[in-house]
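Asker: Please see the structure below; I have some questions.
The values are calculated or read from the model by the stated rules, or taken from the named source; none is laboratory data. Everything numeric in this text was worked out from a predicted model, so none of it was measured. Cβ: placed from backbone, ideal geometry, glycine included. Neighbour counts: every protein chain shown. The area values use the complete protein model at the heavy-atom level, side chains included, leaving out ligands, DNA and RNA. Shrake-Rupley method; radii C 1.70, N 1.55, O 1.52, S 1.80 Å.
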Amino acid sequence: MTEKTLPFTVVHTLKRRLRVKVPVIRKDPQKAYILEILLRKRPGIKGVKSIPHTAGVVILFDPCELSLNDLLMFLKGVVSALPEKRLSFFNKKHRKKTTSSLPSREVNLAIEGMTCLACALLIELVLNRHDDIEKASVNFASSTATVLGAASREEIFDSIKRLGYTPRPMDTLSQRRLLMEREKERLREAKRRFIFSSLLTLPVVAAGMAMPRSFVPRFISFLFATPVVFGAGKTFFAKAINLSRQGATSMDTLIALGSGSAYFYSTAAFLTGKRGLYFDAAAGIITLILFGRYLEEKAKGKASEAVRKLIELQPLTATVIRDGEEKRIGIDEVVVYDEIIARSGERIPVDGEVIFGTAAVDESLVTGESMPVAKKPKSMVTGGTINISGTIRFKATAVGADTILSGIIKMVDHAQSSKVPVQRLADKVSSVFIPVVMGISGMTFLGWLLRGYSLSASMMNSVSVLLIACPCSLGLATPTAIMAGTGRAAREGIFIRNAEALETACKIDVLIMDKTGTITEGMPAVTDFLNISKMKDDKVIQFAASAEYYSEHHLGNAVVDYARSKDIRIVEASKFKSFIGKGIKAVVNKKEVVVGNAVLFKNQKIPLGGLLKEASRLSEQGKTPVFIGVDGKAVGLLAISDSPRKTSSDAIKKLGSMGIETIMVTGDNPRTARYIAEMVGIEHVIAHAVPEQKVKIIKSLREKGRVVGMIGDGINDAPALATADVGFAIGTGTDIAIETAQVTLVGGDISKVLDAISLSRKTMTIIKQNLFWAFAYNTLSIPLAAFGALSPTIAAGAMALSSVSVVTNSLRLQKYKSDI
């Protein structure tokens with residue numbers, strides 16, 4: 001095989017690694033996804049990584065199982081089978097083009113030092129102004145940011161540092177664990193500052209209540225209040241000064257102005273011997289704000305508990321075999337192909353393939369099922385799962401950010417850091433909130449002065465206005481509910497890709513369901529075989545299985561498994577072509593083989609004759625007929641059966657009770673589709689539906705004003721999943737379906753869609769409650785403060801508690817149980 005005949009260019013080869021350039025996937029992520037999926041099906045291929053921007057593909061393979069020449073042959077067939085045209089179900093949206101020639105990439109980071117929503121909005125504004133950043137989103141509640149663009153990590157970090165905040169990397173689980181430790185330390189520090197401030201504030205408040213006139217108690221008030229304001233409260237002043245240099249403001253600005261005004265006025269009065277000291281207000285403001293911040297940080301930590309628990313699943317070390325000896329090494333030192341030992345009671349450190357021993361493994365993290373799974377040689381294990389009993393040795397197939405656990409954490413991260421559309425209103429209000437409050441405070445001061453009140457009384461009322469205002473409650477109303485809701489969902493095996501899907505899911509009124517692998521178990525098996533040709537049965541089965549080998553469909557896998565069960569050798573196929581929703585065509589032993597449904601055979605102008613009658617009989621039994629054709633002639637028929645999931649019937653009934661219409665849309669024949677639909681209680685069935693038709697059905701329903709959900713698991717479901725308002729992918733399905741959907745239901749139980757929709761409805765209720773109380777609080781409290789009904793100390797306490805109340809309300813979602 002010469003390089004000229006290959007649809008790719010070999011860059012370099014190592015003993016276990018092949019690197020190639022595949023022009024057809026350049027800047028085309030969907031083809032890259034399909035290429036990865038097809039390559040991973042081949043035994044001997046242990047890992048695939050594609051880079052669409054550069055058309056690069058790196059393949060890890062085991063030379064003992066797959067020779068380099070065979071790999072090149074297989075790769076040629078896969079690349080040749082890729083669609084020539086761009087697939088329409090991937091809509092790549094770019095808000096703007098970058099000026100850099102570098103490819104766009106996503107950078108996720110943590111940001112320390114944010115104290116209110118205004119901080120997050122400022123950072124977001126500055127990052128979005130960067131020429132090489134397409135989109136930046138900063139989440140105040142989770143203290144994280146997601147940046148998409150060509151800007152380097154150093155540029156992003158420098159932009160944030162210039163604003164006075166501290167960015168931290170969060171790429172690996174080890175870095176995430178370090179951030180968790182820093183979070184715990186910040187909480188301890190917040191507690192220490194509050195206790196320190198409280199101890200010094202108590203005598204100041206006591207002296208203030210006595211309204212001292214003699215020098216000693218007045219001096220004690222000054223002496224104790226000073227370390228509170230400029231010691232415990234120094235961060236408020238430091239951030240306010242730093243932001244003022246940037247021409248910006250935040251909640252720290254209001255606190256610094258309020259506390260500073262009370263302190264400096266009181267200091268001047270103390271030094272000149274005047275009455276009317278407000279050291280108790282200055283110190284009380286700082287103490288109450290610190291108490292509120294401590295409670296807020298503690299509550300926010302609980303909201304992100306789901307991610308923390310996921311991170312803690314990965315052990316810190318692993319036992320590897322190197323140079324024939326067992327060595328205990330750090331998890332970051334483990335590399336692909338390391339041989340690792342996992343003994344009874346230990347967590348499995350990374351993803352891998354068992355090469356020796358047997359064990360029972362608790363995989364509830366991945367599957368949601370509590371029953372242990374037996375592992376033996378060639379079984380796959382997942383990092384973070386627990387070895388209940390037995391000892392196994394396995395070969396690492398994925399480490400670091402490539403593990404399944406890392407992927408789950410990243411998905412939850414994305415959901416918790418994204419914003420729902422309803423949050424835009426809060427963001428808009430918060431962006432102008434602080435300048436408006438400062439204006440109202442100024443007018444309050446002038447208004448009281450003009451009415452003839454003293455300078456001190458006027459100042460205290462204006463300070464109350466500064467302190468009672470709380471953009472923090474507005475900023476926390478939505479993201480804390482999203483964090484708690486998505487965290488709760490993750491613990492139930494429901495992984496929500498973004499917050500917009502969470503908001504939309506509560507409005508779904510019609511649910512489209514695929515049949516195979518969604519309503520049914522997705523483990524079809526061949527039950528009947530009919531050969532009408534002169535060839536031997538094994539030959540016909542070999543043709544069908546060899547042609548189907550490259551297929552990603554459940555029915556194709558069933559044909560391959562059937563051949564293997566009969567020890568029929570599968571030979572190399574070429575010119576593989578998939579007709580999504582209909583079947584496949586390939587060349588096997590120089591003969592053109594067609595395997596699929598009646599529609600495909602009609603399109604290929606291959607008469608089926610008497611096979612149609614037999615197919616009809618099998619369909620009435622709930623079986624799916626699959627025809628086999630060789631060189632333009634129908635030669636046989638396979639019948640494949642797949643039973644409904646045990647939970648399907650009950651789930652569909654409950655969906656109806658929630659006011660959600662269910663429709664089965666399948667590529668299977670009408671008789672089989674209706675048979676399964678009757679078993680699970682679905683009234684509306686559309687059969688022989690190709691992917692394009694599924695998309696049209698969903699678009700038609702949306703045009704009528706319906707909010708459409710779609711549940712599927714196959715590559716042929718991906719266009720419909722992307723078109724629906726919310727796509728639900730069964731977690732046992734294909735990578736491309738999961739990548740396209742907004743929600744992944746782990747373990748393949750469609751009843752989880754009930755929990756997802758129910759949780760979505762509850763989360764949106766909590767968000768509306770939070771926003772109502774946040775707006776109501778500010779609408780009522782600011783006028784009260786302006787008219788002198790609240791003292792600065794009471795105002796500070798109310799402001800601090802308003803944020804805590806919003807977060808506490810959101811945390812109710814963590815204990816939420818669906819009553820459906």
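Asker: For region 532-553, name all the residues that are farther than 17 Å from Ser565 by Cβ and either touching a Phe, Trp or Tyr at 6+ places or on another chain (Cβ under 8 Å) or not basic (Lys, Arg) (or both).
Answerer: Within region 532-553, Ile532, Ser533, Met535, Ala547, Tyr550, Ser551, Glu552, His553 qualify.
Asker: Given the residues Lys591, Lys566, which is the only one that is modelled with pLDDT of 90 or more, open to solvent by 30 Å² or more (accessible area, probe 1.4 Å) and in contact with a strand residue (DSSP E or B) (Cβ under 7 Å, 6 or more places away or on another chain)? Give the steps one after another, and end with the answer.
Answerer: Numbers: Lys566 fails: in contact with a strand residue (DSSP E or B) (Cβ under 7 Å, 6 or more places away or on another chain).
When all the criteria are applied, what remains is Lys591.
Asker: Need the failing condition index for Gly659 against (1) at pLDDT below 90; (2) surrounded by fewer than 20 Cβ atoms within 10 Å (Cβ to Cβ), just the number.
Answerer: (1)
Asker: Right, something else. Select from region 803-820 the residues that are in a helix (DSSP H, G or I) and open to solvent by 70 Å² or more (accessible area, probe 1.4 Å) and list them in ascending order.
Answerer: Thr808, Arg812, Lys815
Asker: Working carefully through the options Gly292, Gly301, Gly345, Gly247, find the one that is at positive phi and modelled with pLDDT under 85.
Answerer: Numbers: Gly292 fails: at positive phi; Gly301 fails: at positive phi; Gly345 fails: modelled with pLDDT under 85.
None of the others qualify; the one that does is Gly247.
Asker: Any residue in region 200-209 that is surrounded by fewer than 16 Cβ atoms within 10 Å (Cβ to Cβ), farther than 22 Å from Ala796 by Cβ, out of contact with any Gly (no Cβ under 6 Å at 6 or more places or on another chain) and at pLDDT below 90? So that I can check it myself, show each step before the final result.
Answerer: Of region 200-209, the ones surrounded by fewer than 16 Cβ atoms within 10 Å (Cβ to Cβ) are 202, 206, 209.
Narrowing the set further to residues that are farther than 22 Å from Ala796 by Cβ leaves none.
Scanning region 200-209 turns up no residue that is surrounded by fewer than 16 Cβ atoms within 10 Å (Cβ to Cβ), farther than 22 Å from Ala796 by Cβ, out of contact with any Gly (no Cβ under 6 Å at 6 or more places or on another chain) and at pLDDT below 90.
Asker: How many residues, within region 154-168, are open to solvent by 50 Å² or more (accessible area, probe 1.4 Å), out of contact with any Asp or Glu (no Cβ under 9 Å at 6 or more places or on another chain) and either closer than 13 Å to Ala110 by Cα or aliphatic (A, V, I, L, M) (or both)?
Answerer: The number of residues fulfilling the criteria is 1.
Asker: Here's a follow-up. Quick check: is even one residue across region 795-802 surrounded by fewer than 22 Cβ atoms within 10 Å (Cβ to Cβ) and out of contact with any helix residue (DSSP H, G or I) (no Cβ under 7 Å at 6 or more places or on another chain)?
Answerer: No, there is no match, as no residue in region 795-802 is surrounded by fewer than 22 Cβ atoms within 10 Å (Cβ to Cβ) and out of contact with any helix residue (DSSP H, G or I) (no Cβ under 7 Å at 6 or more places or on another chain).
Asker: Let me ask another. Which condition number does Ile195 fail, the rest of (1) buried (at least 16 other Cβ atoms within 10 Å of the Cβ); (2) β-branched (Val, Ile, Thr); (3) farther than 22 Å from Thr272 by Cβ being met?
Answerer: If we test Ile195 against (1) buried (at least 16 other Cβ atoms within 10 Å of the Cβ); (2) β-branched (Val, Ile, Thr); (3) farther than 22 Å from Thr272 by Cβ, just (1) comes out false.
Asker: Then there is this: In region 666-687, is there at least one residue being touching a strand residue (DSSP E or B) at 6+ places or on another chain (Cβ under 7 Å), modelled with pLDDT of 85 or more and among the small types (Gly, Ala, Ser)?
Answerer: yes
Asker: Moving on. Is it the case that some residue within region 39-60 is closer than 25 Å to His554 by Cβ, in a helix (DSSP H, G or I) and at pLDDT 70 or above?
Answerer: The initial filter retains those residues of region 39-60 that are closer than 25 Å to His554 by Cβ, namely 39-48, 50.
If we keep only those that are in a helix (DSSP H, G or I) as well, we get 39-40.
Checking the rest, the ones that are also at pLDDT 70 or above come to 39-40.
There is at least one residue in region 39-60 that is closer than 25 Å to His554 by Cβ, in a helix (DSSP H, G or I) and at pLDDT 70 or above.
Asker: Limited to region 655-706, what total is found for residues that are under 17 Å from Lys623 (Cα atoms), without any contact (Cβ under 8 Å) to a residue 60 or more places away in the chain and part of a loop (DSSP other than H, G, I, E, B)?
Answerer: 1
Asker: Mind checking which residues of region 96-121 are at pLDDT below 55 and of a type in the set (Ser, Thr, Tyr)?
Answerer: Across region 96-121, the qualifying residues are Thr98, Thr99, Ser100, Ser101.
Asker: With the checklist (1) assigned to a loop (DSSP other than H, G, I, E, B); (2) open to solvent by 30 Å² or more (accessible area, probe 1.4 Å); (3) within 21 Å of Ser758 (Cα to Cα); (4) not aromatic (Phe, Trp, Tyr) in hand, flag the one item Asp650 doesn't pass.
Answerer: Result: Asp650 fails condition (1) only.
Asker: Here's a follow-up. Quick one: is Ala481 open to solvent by less than 50 Å² (accessible area, probe 1.4 Å) and at pLDDT 85 or above? Reasoning before the result, please.
Answerer: Values: open to solvent by less than 50 Å² (accessible area, probe 1.4 Å): yes; at pLDDT 85 or above: yes.
For Ala481, the condition - open to solvent by less than 50 Å² (accessible area, probe 1.4 Å) and at pLDDT 85 or above - is met.
Asker: Given the conditions (1) of a type outside the set (D, E, K, R); (2) open to solvent by less than 40 Å² (accessible area, probe 1.4 Å); (3) not in a helix (DSSP H, G or I), and given that Gly247 satisfies all but one, which numbered condition is not satisfied?
Answerer: Result: Gly247 fails condition (2) only.
Asker: In region 47-69, what residues are farther than 11 Å from Glu36 by Cα and open to solvent by 30 Å² or more (accessible area, probe 1.4 Å)? I'd like the intermediate steps shown before the answer.
Answerer: Going through region 47-69, the residues farther than 11 Å from Glu36 by Cα turn out to be 52-56, 60-69.
His53, Thr54, Pro63, Cys64, Glu65, Ser67, Leu68, Asn69, listed by residue number.
Asker: Among the residues of region 312-365, which ones are part of a helix (DSSP H, G or I) and buried (at least 18 other Cβ atoms within 10 Å of the Cβ)? Give the derivation first.
Answerer: Initial filter on region 312-365 (part of a helix (DSSP H, G or I)): 331-333, 364-365.
Passing the criteria: Ile331, Leu365.
Asker: Please indicate, with yes or no, whether at least one residue in region 777-794 is out of contact with any His (no Cβ under 6 Å at 6 or more places or on another chain) and modelled with pLDDT under 80.
Answerer: If we filter region 777-794 for residues that are out of contact with any His (no Cβ under 6 Å at 6 or more places or on another chain), which is where we start, we get 777-794.
If we keep only those that are modelled with pLDDT under 80 as well, we get 793.
Scanning region 777-794, I find at least one residue that is out of contact with any His (no Cβ under 6 Å at 6 or more places or on another chain) and modelled with pLDDT under 80, so the answer is yes.
Asker: Out of Met170, Met180, report the one residue that is under 24 Å from Ser406 (Cβ atoms) and out of contact with any strand residue (DSSP E or B) (no Cβ under 8 Å at 6 or more places or on another chain).
Answerer: Only one candidate qualifies: Met180.
Asker: Within region 495-550, work out how many residues are more than 28 Å from Gly681 (Cα to Cα) and open to solvent by less than 10 Å² (accessible area, probe 1.4 Å).
Answerer: Going through region 495-550 one residue at a time, the tally reaches 8.
Asker: Any residue at all in region 222-244 that's in a helix (DSSP H, G or I), in contact with a Pro (Cβ under 6 Å, 6 or more places away or on another chain) and crowded, with 18+ Cβ neighbours inside 10 Å?
Answerer: Initially, region 222-244 is screened for residues in a helix (DSSP H, G or I), giving 222-232, 234-244.
Now narrow it down to the ones that are in contact with a Pro (Cβ under 6 Å, 6 or more places away or on another chain): 224.
Then drop every residue that is not crowded, with 18+ Cβ neighbours inside 10 Å, which leaves 224.
Checked against the condition, which is being in a helix (DSSP H, G or I), in contact with a Pro (Cβ under 6 Å, 6 or more places away or on another chain) and crowded, with 18+ Cβ neighbours inside 10 Å, region 222-244 yields at least one hit.
Asker: Would you please name the residue that is modelled with the highest pLDDT, looking only at residues in region 162-188 that are among the charged types (D, E, K, R) and assigned to a loop (DSSP other than H, G, I, E, B)? Quick ask: steps written out before the conclusion?
Answerer: The first filter runs over region 162-188 and keeps only residues among the charged types (D, E, K, R), leaving 162, 168, 171, 176-177, 181-186, 188.
So of that shortlist, the ones also assigned to a loop (DSSP other than H, G, I, E, B) come out as 162, 171.
Working: Arg162: 85, Asp171: 74.
Per the criteria, the residue is Arg162.
Asker: Out of all the residues in region 693-716, is one or more open to solvent by 50 Å² or more (accessible area, probe 1.4 Å) and either modelled with pLDDT under 85 or within 29 Å of Asp538 (Cα to Cα) (or both)? Lay out the reasoning, then the answer.
Answerer: Here is the first cut: in region 693-716, the residues open to solvent by 50 Å² or more (accessible area, probe 1.4 Å) are 693, 696, 699, 702-706.
Narrowing the set further to residues that are either modelled with pLDDT under 85 or within 29 Å of Asp538 (Cα to Cα) (or both) leaves none.
No, the conditions are met nowhere in region 693-716.
Asker: Hey, another quick one. Name the single residue that is modelled with the lowest pLDDT among those in region 76-88 being touching a Lys or Arg at 6+ places or on another chain (Cβ under 9 Å) and assigned to a helix (DSSP H, G or I). Steps first, please.
Answerer: Step one: of region 76-88, the residues touching a Lys or Arg at 6+ places or on another chain (Cβ under 9 Å) are 77-78, 80-83, 86-87.
Right, trim to assigned to a helix (DSSP H, G or I) and you get 77-78, 80-81.
Values: Gly77: 77, Val78: 80, Ser80: 77, Ala81: 69.
Going through the qualifying residues, I end up with Ala81.
Asker: Looking at (1) assigned to a helix (DSSP H, G or I); (2) in contact (Cβ under 8 Å) with a residue 12 or more places away in the chain; (3) within 19 Å of Thr666 (Cα to Cα), which is the only condition Ala639 fails?
Answerer: Failed condition: (1).
Asker: Does region 595-607 contain any residue that is assigned to a strand (DSSP E or B) and touching an Asp or Glu at 6+ places or on another chain (Cβ under 7 Å)? Before you say what the answer is, go through the steps one by one.
Answerer: Within region 595-607, the subset assigned to a strand (DSSP E or B) is 595-596.
Of the ones still in play, those that are also touching an Asp or Glu at 6+ places or on another chain (Cβ under 7 Å) are 595.
Checked against the condition, which is being assigned to a strand (DSSP E or B) and touching an Asp or Glu at 6+ places or on another chain (Cβ under 7 Å), region 595-607 yields at least one hit.
Asker: Restrict the check to region 213-224 and report whether at least one residue is more than 26 Å from Leu466 (Cβ to Cβ) and touching a residue at least 60 places away in the same chain (Cβ under 8 Å). Break it down into steps so the answer makes sense when it comes.
Answerer: Step one: filter region 213-224 for residues more than 26 Å from Leu466 (Cβ to Cβ), giving 213-217, 219-220.
Those left that are additionally touching a residue at least 60 places away in the same chain (Cβ under 8 Å): 213.
Looking through region 213-224, at least one residue is more than 26 Å from Leu466 (Cβ to Cβ) and touching a residue at least 60 places away in the same chain (Cβ under 8 Å).
Asker: Just to be sure I understand the filter: pairs with C-beta atoms under 8 Å, separated by 6 or more residues or on different chains, first member in region 546-575 and over 17 Å from Phe627 (Cβ atoms), second member part of a helix (DSSP H, G or I) and among the acidic types (Asp, Glu). Which pairs pass?
Answerer: Asn557/Glu548; Lys566/Asp538; Ile568/Asp538
Asker: Tell me which residues, restricted to region 135-173, are in contact with a Gly (Cβ under 8 Å, 6 or more places away or on another chain) and not aliphatic (A, V, I, L, M).
Answerer: Lys135, Phe140, Gly164, Tyr165, Thr166, Thr172
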